[in-house]
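What follows is a short report on a single structure.
Bear in mind that the values in this text are calculations on the coordinates, not laboratory data. All values reported here derive from a predicted model rather than from experimental measurement. Cβ coordinates were reconstructed from backbone atoms using ideal geometry, including for glycine residues, and neighbour counts include every protein chain displayed.
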């Protein structure tokens, strides 16, 4: 019932308009979304860089249905790359293929991605292809492996979700390619024949895949806020002589800022995923609807950060 309610709310333009004008709602959202404009997002990245934390910017929006929208989104990503470079931030952006026209025409998507990747490569930057729902997993990996990676190599990477049953095989293929992988647990609500239904199974898969990436992967990004998994990864790396320069931890903007800074202070690399854009309200509603337990996750992590020792 809660999931349906959140999805319904995400589609209500009148509610969206009200929330965008509501100071309290915008203040809450600003904890997790770095404003609506490129300058605001770059400013957030620059502030993090001053603390020794790198960033990956993500312009909110997905499932584009018009070619003009996809082209406009592609142009904004090129502006993002240039703005990060001008601010002397490490150039790093995250892109959803459906925002670039993947569902309209793969050639259109390729043109948009090529423009972004060419500009990022000029600045020695990096473009991460975000993973969407499981219906897109094979298409995304095929597109990455055949149309992007052969040309752009170390300037692009992809995301694998440990919740999916297929991810062991996908990780092995990506390791063989020496492609850069961001490993996350996955936030999408998936059927049990596609994804592990229990958190404990997802966690075990995450640890197993993280160990493989640490030993054999090409500079993996390990995206998690789970302190138990973070502790396991750190001990595994130390035990196996894997230096901190061979991987990075990744977290979401506004979530466990205390942990982010602690990991940097202990010598680890940290990258923060920064979403921004006018679509922040539908973004938050859809993320919560995909897994309503995310509400407890977000509130719980805010409390943990605010009250040390919990």
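Quick notes
- Overall Cα dimensions of the range 37-302 - principal axes, largest extent first, Å: 49, 44, 38
- Beta bridges assigned by DSSP with both partners in the range 84-218 are antiparallel in approximately 10 percent of cases.
- At R0 = 22 Å, FRET efficiency that the Cβ-Cβ distance of residue 36 and residue 68 yields, to 0.05: 0.65
- With Cα atoms defining each centre, the range 196-244 and the range 142-189 are spaced 16 Å apart in the structure.
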